[in-house]
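Everything below concerns the one structure shown next.
The values are calculated or read from the model by the stated rules, or taken from the named source; none is laboratory data. Please read all numbers here as calculations on a predicted model, not as lab measurements. Here the Cβ is made from the backbone with ideal geometry for all residues, glycine too, and neighbour counts use every protein chain on show.
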Protein chains: 2
Amino acid sequence: MGENWSFLDSVEPNFRPLVIIELAKGTKEETIEWLTKRIVDKKANGGAQLLIKPLLTENGVENIYLVGASHLRLLLGAETVGLVKECNDNSMRAFTYSSRKTFKHFADDNHNFLTMAECQYIIKHELENLRAKNEKMIPGYPQAKLYPGKSIVRRLLTSGILVQIFPLHDREELKKLSHSWYGRVKVGYQPLDDIRCYFGETIALYFGFLEYFTFALIPMAVIGIPYYVFAWEDYDKYVMFATFNLLWSTVILEVWKRICAILTYRWGTLLMKRQFEEPRPGFHGVLGINPVTGREEPVYSSIKRQLRIYLVSLPFVCLCLYFSLYVMMIYFDLEQWALDYHKENESNFSSLMLYVPSIIYAVVIEIMNRIYRYAAEFLTSWENHRLESSYQNHLILKVLVFNFLNCFASLFYIAFVLFDMKLLRQSLATLLITSQILNQFAESLLPYWLQKRYNRRMKKRTCSKKTHMDLSLAEQVNMEKEMGTYLGTFDDYLELFLQFGYVSLFSCVYPLAAVFAVLNNITEIYSDALKMCRVYKRPFAEPTANIGVWQLAFETMSVISVVTNCILIGMSPQVDALFPDSKMDLVLTVALVEHLLLAIKFIMAFVIPDKPRDIQTKLAKLEFESLEALKQQQMKLAAESLKE
Amino acid sequence: MGENWSFLDSVEPNFRPLVIIELAKGTKEETIEWLTKRIVDKKANGGAQLLIKPLLTENGVENIYLVGASHLRLLLGAETVGLVKECNDNSMRAFTYSSRKTFKHFADDNHNFLTMAECQYIIKHELENLRAKNEKMIPGYPQAKLYPGKSIVRRLLTSGILVQIFPLHDREELKKLSHSWYGRVKVGYQPLDDIRCYFGETIALYFGFLEYFTFALIPMAVIGIPYYVFAWEDYDKYVMFATFNLLWSTVILEVWKRICAILTYRWGTLLMKRQFEEPRPGFHGVLGINPVTGREEPVYSSIKRQLRIYLVSLPFVCLCLYFSLYVMMIYFDLEQWALDYHKENESNFSSLMLYVPSIIYAVVIEIMNRIYRYAAEFLTSWENHRLESSYQNHLILKVLVFNFLNCFASLFYIAFVLFDMKLLRQSLATLLITSQILNQFAESLLPYWLQKRYNRRMKKRTCSKKTHMDLSLAEQVNMEKEMGTYLGTFDDYLELFLQFGYVSLFSCVYPLAAVFAVLNNITEIYSDALKMCRVYKRPFAEPTANIGVWQLAFETMSVISVVTNCILIGMSPQVDALFPDSKMDLVLTVALVEHLLLAIKFIMAFVIPDKPRDIQTKLAKLEFESLEALKQQQMKLAAESLKE
């Protein structure tokens, strides 16, 4: 095996480690030998043609390997994954090796043409696309079956031989980024382009959305303050505020699509062609022929999956929703009981008892959320979706519905069954502020504390006064492999989604919600940034062109909020007083206004273009060019054919 | 000029005329010479490389020209316009000349590989893409300015030198088609594939939609009959019928998308790449640089257009809508006045007077519709849209809104202001049946009579007992050029749209509406078929993958009908009787049910996939193949680069 490494070193003297592969302790020699051979093997022989080196630590070889690639290999990989880069004429084009000279900042000796995140993404892509040829199993592990075309890395992961693959941090870049991002207290935008270069588009887009959303909430917050301070509860001001909020929420969601297009155009992902999606690691089935690719791979009947979704998952989710409502009813009973108890025997103990139901309910909700989350993950995985994207969508839908109900059901109950506006305002404020404080704690204070502890631990371990910058590669890898894994933007978006619900669903009852949301989001940016840079392993960059299903979720919330706000306004005593004679007229007016607002929302969503005009023009230009190129090619062919 | 024709004849001995060009009488010789030269010139010299011949009639040359093309030229043209054809392995692929052998039914001597409609479409495309090189004007007409890249045919049309271009009928094919289509009374599907081969996809899709829509209405009609016969007005049956209708209308619109995908996949248009759209003939502006193509062409500021739309067109449309409502109010006043008059002096004259307001109103509506249509066309053309598609969308929107109001405003007024269900049912029946009879007359009897007259005229002119089949080419051309021009499917879809409104908006009041609609549509199929085959010039085929903006229009109508039906049911005495104590509860229940139904509709639209699974698989397969091909190409390149 030794000769392999030396061979590599002679080929690429300045080997730059990009990705770490950690194998299970005690992995068999023959497996390691086979895997490294496949990784370094020539493309023509079905290898990945990457570079690999074992990490040599003080304790000897620890089954940790560093993966890198030559500059040329990375450029060819960039073409394979379809990276889009800026050209010298400022247009964005898919990078191809043959046209490399036309790209901005390209030079044969400029190793920064591709960002480190892009290089790591390419290596990940190449590793995942390393496929079995005629191996029947992983050498040394007869139970880990292979078939031609099966991704080797995915099989290694599912059979536990491969513990993890993760990209390495770049200490220097990270320090620069964290300084400009959250290092100093400043008023200004986040360095989104730098974030994108370091963490990739998905994460940069989340931070872009978080920032945009915070800015977009400011008008609502500013208008909300005088309503709270002067207790403006006149009919006209009241309705104006709610109407503004409802239309504003449509506008901000439509404008976000435009901003998202601007960002992702600049980052190249708007133009990036969707790659063919491979089955997700957990997908299983009988070996058959995929009708799309014609390749042998596990096949699972779509009807079976539909049956599982509609006959098991759907009833289960409904049951959970029912159970959650049932728990809520118990809470309200308890609350009533505590109130009665307090009235009967007024004592310190009884007034303390008043808080008990809320605390129990909060704890139960948290527990239910956790259990449900596991159940949802289990069910969605049991549904056996072929694609990761479809798995994600089904999981998000399940979790979203349950969280929505858990967070808002009690508020809906108070508003539309108990008709108690005062209690609603109070509960809303309590829920919003509590959840924000809890989240801030879990996301900001906890990470801060973890980081402190981890710094102490590291210092102890290295037994020296070296700063982070001076850590040896082995120390860095050992440190990073112990860090937590960032599980994606799901929880971060969910938090924003629920916040949007608090702000918009009952906006006319509690105008201060937007103020709290803005304040929370400002610290959220800092705590999330800290989390990304210090707490978690570096995540692989994931190119994306939009925030996906979350756009739909936010839009649905804004439609629901039209309904709730109209009912709330209709129920308010100020509006009630305008229809002293007939409650009927009141209800009909409210229904009419609601339908009008919904119609306006849909028309606005239809009229506002999803992409700004200049992006549209640029996209049309690219499409026109490719059509012209095709035509030129055909013309040449035609001329030749007609000559014959 | 003479040598030109003989030259052509020698090249292509069996010249088949496909498209007719009619120039204005007295067009200058130099213009004709220049135009024919440009049409026959080689592609390399910027010509269209087509064949052209003057039509020689008994009266000598009449400025009518026959255009054709060699078989090879048509095949190359098929590649240029991006025709998609079936391959030997039953997959659909874009035709390319180099891969011609892999296509089903292709043989070098099989001149039926391309249908005549496809050939005509190719010739139209080539003619329209014949562009000015460095001509500053059309020779002989200094006022008809040209600039490099301007479409010559479009300039000839706008300056009146070119009277018309139309494709020639194929007598034999037409006879076969009309026999299988409407020639015999039979129960069965229309020959959609044959219609598509002869008239192109847009028209075939209209007939497909008409047929599908008729079938889809049958369940509603069948369920509606017992309601009418037995006068079932119990609460439960009543609500069931309405609910069924509302959900059914969502289902049929979603299923249509799937059927549309199946049809257009088979016809190849689902896969056809959108061509770059040229400015529409009426578009004008200052000569500038198109930011997309980089070519010199008229440019018109988008802001100016937006101003025209929002500051002139929108207020004008609103004014017209207001005026239409005003006229409706006058009609109701007149109606009341006539009723009072009849009560005061009961006589034969006074009972006749009862009908006068309705007749006047019907006539006024018809006049208003006509005037408005002209105004809408004028305004939309004045808005100066660059693309035909955008012009069409704005025109359709304008006409749709006005027609919707004109047809349904009086019904809405009767239902929701007068609360007179009996009058509503009566008016609905009158309006529906009258409009159907009028349409049937205008579309079926009138064409039949026109055809008879035209047959007589033709017989007189040819002074012989020759059948149509034996007509000489000159006679056929002269006959066809006098026929009316089919202006597109707009009016046909509009009729179906309004019918859908009559059936769905007030379905719970008049269950028989669906029965009348079904009966009407069966004859409609025959009359429309007759119209296409006998009354109008053959239209150019227009490839399309869906029914475009009409899908949206029908979906909007089905959303509105949820609202109207819920209100109607809420107002019915049967439902009213269920809430004897509180009208409030009634209104709230109705509102709740309406929101539930709307939510179900949106969820159904979201859950039902727009394309059937097998079409999805086929599309995915094609995409996968093209990605694989690209990858292979890159791999080859990579292997070469890495060798260096």
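Since A:E126 meets every condition but one in (1) more than 14 Å from chain B (Cβ to nearest Cβ); (2) among the charged types (D, E, K, R); (3) touching a residue at least 40 places away in the same chain (Cβ under 8 Å), which condition does it not meet?
That leaves (1) as the condition not met.
Hey, does the stretch A:422-431 have a residue that's surrounded by 13 or more Cβ atoms within 10 Å (Cβ to Cβ) and farther than 30 Å from A:G570 by Cβ?
Of the residues in the stretch A:422-431, the ones surrounded by 13 or more Cβ atoms within 10 Å (Cβ to Cβ) are A:423-429, A:431.
Still in the running and farther than 30 Å from A:G570 by Cβ: none.
Within the stretch A:422-431, not a single residue is surrounded by 13 or more Cβ atoms within 10 Å (Cβ to Cβ) and farther than 30 Å from A:G570 by Cβ.
Scan the stretch A:85-120 residue by residue and report those that are of a type in the set (A, V, I, L, M, F, W, C) and either over 26 Å from the mean Cα position of the chain (by Cα) or closer than 20 Å to A:A69 by Cα (or both).
Going through the stretch A:85-120, the residues of a type in the set (A, V, I, L, M, F, W, C) turn out to be A:87, A:92, A:94-95, A:103, A:106-107, A:113-114, A:116-117, A:119.
Scanning the stretch A:85-120 gives A:C87, A:F95, A:F103, A:F106, A:A107, A:F113, A:L114, A:M116, A:A117, A:C119.
If you go through the stretch B:64-87 one residue at a time, do you hit one that is more than 30 Å from B:L270 (Cβ to Cβ) and among the β-branched types (V, I, T)?
Yes, because at least one residue in the stretch B:64-87 is more than 30 Å from B:L270 (Cβ to Cβ) and among the β-branched types (V, I, T).
Of the residues that sit in the stretch A:87-96 and are closer than 24 Å to B:K631 by Cα and of a type outside the set (A, V, I, L, M, F, W, C), which one is farthest from the other protein chains (Cβ to nearest Cβ)?
We begin by selecting, within the stretch A:87-96, every residue closer than 24 Å to B:K631 by Cα; these are A:87, A:91-96.
Filter once more, keeping what is of a type outside the set (A, V, I, L, M, F, W, C): A:91, A:93, A:96.
Numbers: A:S91: 12, A:R93: 15, A:T96: 8 Å.
Among those residues, the one meeting the criterion is A:R93.
In this structure, is A:R386 at pLDDT 90 or above, among the charged types (D, E, K, R) and out of contact with any strand residue (DSSP E or B) (no Cβ under 7 Å at 6 or more places or on another chain)? Give the derivation first.
Working: at pLDDT 90 or above: no; among the charged types (D, E, K, R): yes; out of contact with any strand residue (DSSP E or B) (no Cβ under 7 Å at 6 or more places or on another chain): yes.
Judged against the criteria, A:R386 is not a match.
Per-residue answers, yes or no, for (1) in contact with a strand residue (DSSP E or B) (Cβ under 8 Å, 6 or more places away or on another chain); (2) at positive phi; (3) within 14 Å of chain B (Cβ to nearest Cβ); (4) among the aliphatic types (A, V, I, L, M):
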residue	(1), (2), (3), (4)
A:F497	no, no, no, no
A:L512	no, no, no, yes
A:Y536	yes, no, no, no
A:V549	no, no, yes, yes
A:D576	no, no, yes, no
A:F579	no, no, yes, no
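B:L568 fails exactly one of the following numbered conditions: (1) within 30 Å of B:L168 (Cβ to Cβ); (2) outside any loop (DSSP other than H, G, I, E, B). What is the number of that condition?
(1)
Which condition breaks for B:Q632 when tested against (1) surrounded by fewer than 14 Cβ atoms within 10 Å (Cβ to Cβ); (2) at the interface with chain A (Cβ under 9 Å from one of its Cβ atoms)?
In the conditions (1) surrounded by fewer than 14 Cβ atoms within 10 Å (Cβ to Cβ); (2) at the interface with chain A (Cβ under 9 Å from one of its Cβ atoms), B:Q632 misses (2) alone.
Within the stretch A:141-155, count every residue that is surrounded by fewer than 17 Cβ atoms within 10 Å (Cβ to Cβ) and either touching a residue at least 40 places away in the same chain (Cβ under 8 Å) or of a type in the set (K, R) (or both). Give the derivation first.
Step one: of the stretch A:141-155, the residues surrounded by fewer than 17 Cβ atoms within 10 Å (Cβ to Cβ) are A:142-143, A:145, A:148-149.
Restricting the remaining residues to those that are either touching a residue at least 40 places away in the same chain (Cβ under 8 Å) or of a type in the set (K, R) (or both) gives A:145, A:148-149.
Residues that pass the stated criteria total 3.
Which of the residues spanning the stretch B:97-123 are surrounded by fewer than 20 Cβ atoms within 10 Å (Cβ to Cβ) and within 14 Å of chain A (Cβ to nearest Cβ)?
Correct list: B:Y97, B:S98, B:S99, B:R100, B:K101, B:D108.
Assuming B:I367 fulfils every condition listed in (1) in a helix (DSSP H, G or I); (2) of a type outside the set (G, A, S); (3) over 20 Å from B:C407 (Cβ atoms) apart from one, which condition is it?
B:I367 satisfies all of (1) in a helix (DSSP H, G or I); (2) of a type outside the set (G, A, S); (3) over 20 Å from B:C407 (Cβ atoms) except (3).
Can you pull out every residue in the stretch A:34-55 that is farther than 18 Å from A:I165 by Cα and free of Cβ contacts under 8 Å to residues at least 60 places away in the same chain?
Passing the criteria: A:D41, A:K42, A:K43, A:A44, A:N45.
Tell me, which strands (runs of 3 or more DSSP E) lie completely within the stretch B:1-116 with 1 or more residues that are farther than 29 Å from B:Y198 by Cβ and either of a type in the set (K, R) or at pLDDT below 90 (or both)? Lay out the reasoning, then the answer.
Working: elements: B:19-23, B:51-57, B:60-68, B:84-86, B:92-94.
Answer list for the stretch B:1-116: B:60-68.
Just one of (1) in contact (Cβ under 8 Å) with a residue 24 or more places away in the chain; (2) in the same structural domain as B:A117 (by the TED database); (3) out of contact with any Gly (no Cβ under 8 Å at 6 or more places or on another chain) trips up B:T158, so point out which.
(3)
Would you mind finding the one in A:I367, A:I360 that is of a type in the set (V, I, T) and in contact with a Phe, Trp or Tyr (Cβ under 9 Å, 6 or more places away or on another chain)? Outline the logic, then answer.
Values: A:I367 fails: in contact with a Phe, Trp or Tyr (Cβ under 9 Å, 6 or more places away or on another chain).
Of A:I367, A:I360, the one residue that is of a type in the set (V, I, T) and in contact with a Phe, Trp or Tyr (Cβ under 9 Å, 6 or more places away or on another chain) is A:I360.
Of B:L270, B:L246, B:L253, which residue is touching a helix residue (DSSP H, G or I) at 6+ places or on another chain (Cβ under 6 Å), assigned by the TED database to the domain that holds B:L568 and in a loop (DSSP other than H, G, I, E, B)?
B:L270
Can B:M557 be described as touching a Ser or Thr at 6+ places or on another chain (Cβ under 7 Å), in contact (Cβ under 8 Å) with a residue 24 or more places away in the chain and within 21 Å of B:F215 (Cβ to Cβ)? Break it down stepwise before answering.
Numbers: touching a Ser or Thr at 6+ places or on another chain (Cβ under 7 Å): yes; in contact (Cβ under 8 Å) with a residue 24 or more places away in the chain: yes; within 21 Å of B:F215 (Cβ to Cβ): yes.
Yes.
Filter the stretch B:479-493 down to residues that are under 14 Å from the mean Cα position of the chain (by Cα) and of a type in the set (D, E) and give me whichever is surrounded by the most Cβ atoms within 10 Å (Cβ to Cβ). Can you show your working first?
First, pick out the residues of the stretch B:479-493 that are under 14 Å from the mean Cα position of the chain (by Cα): B:485-493.
Applying the additional criterion that residues be of a type in the set (D, E) yields B:491-492.
Values: B:D491: 15, B:D492: 20.
So, considering only residues that are under 14 Å from the mean Cα position of the chain (by Cα) and of a type in the set (D, E), the one surrounded by the most Cβ atoms within 10 Å (Cβ to Cβ) is B:D492.
Is it the case that A:Y206 is surrounded by fewer than 22 Cβ atoms within 10 Å (Cβ to Cβ), out of contact with any strand residue (DSSP E or B) (no Cβ under 8 Å at 6 or more places or on another chain), assigned to a helix (DSSP H, G or I) and hydroxyl-bearing (S, T, Y)?
On the way: surrounded by fewer than 22 Cβ atoms within 10 Å (Cβ to Cβ): no; out of contact with any strand residue (DSSP E or B) (no Cβ under 8 Å at 6 or more places or on another chain): yes; assigned to a helix (DSSP H, G or I): yes; hydroxyl-bearing (S, T, Y): yes.
In short, no.
So A:V477 clears everything in (1) outside the structural domain of A:R453 (by the TED database); (2) modelled with pLDDT of 85 or more; (3) closer than 17 Å to A:E443 by Cα except one condition, right? Which one?
(3)
Please tell me if A:I123 is assigned to a helix (DSSP H, G or I) and in the same structural domain as A:T214 (by the TED database).
On the way: assigned to a helix (DSSP H, G or I): yes; in the same structural domain as A:T214 (by the TED database): no.
No; evaluated as a whole, the condition is false for this residue.
Residue by residue through the stretch B:590-602, note down the ones that are more than 11 Å from every other protein chain (Cβ to nearest Cβ) and crowded, with 16+ Cβ neighbours inside 10 Å. Spell out the reasoning first.
Our first condition is that a residue be more than 11 Å from every other protein chain (Cβ to nearest Cβ); within the stretch B:590-602, this holds for B:593, B:596-597, B:600-601.
Selection gives B:V593, B:L597, B:K601.
When B:V563 is evaluated against the numbered criteria (1) in contact with a His (Cβ under 8 Å, 6 or more places away or on another chain); (2) touching a residue at least 60 places away in the same chain (Cβ under 8 Å); (3) within 9 Å of chain A (Cβ to nearest Cβ), which criterion, by number, is the only one it fails?
Going through (1) in contact with a His (Cβ under 8 Å, 6 or more places away or on another chain); (2) touching a residue at least 60 places away in the same chain (Cβ under 8 Å); (3) within 9 Å of chain A (Cβ to nearest Cβ) one by one, B:V563 breaks only (2).
Which one of A:F283, A:F230, A:F244 is loosely packed, with under 14 Cβ neighbours inside 10 Å and among the aromatic types (F, W, Y)?
Working: A:F283 fails: loosely packed, with under 14 Cβ neighbours inside 10 Å; A:F244 fails: loosely packed, with under 14 Cβ neighbours inside 10 Å.
Result of the check over A:F283, A:F230, A:F244: A:F230.
Cβ-Cβ below 9 Å, separation at least six or inter-chain, first residue in the stretch A:410-436 and on the phi > 0 side of the Ramachandran plot, second surrounded by 15 or more Cβ atoms within 10 Å (Cβ to Cβ): which pairs?
Hits for this filter: A:F419/A:M571.
Among the residues of the stretch B:587-637, which ones are part of a helix (DSSP H, G or I), of a type in the set (D, E) and within 21 Å of B:I252 (Cα to Cα)?
Just the residues of the stretch B:587-637 that are part of a helix (DSSP H, G or I), to begin with: B:587-607, B:613-637.
With the extra rule that they be of a type in the set (D, E), the set shrinks to B:594, B:614, B:623, B:625, B:628.
Within the stretch B:587-637, B:E594, B:D614 meet the criteria.
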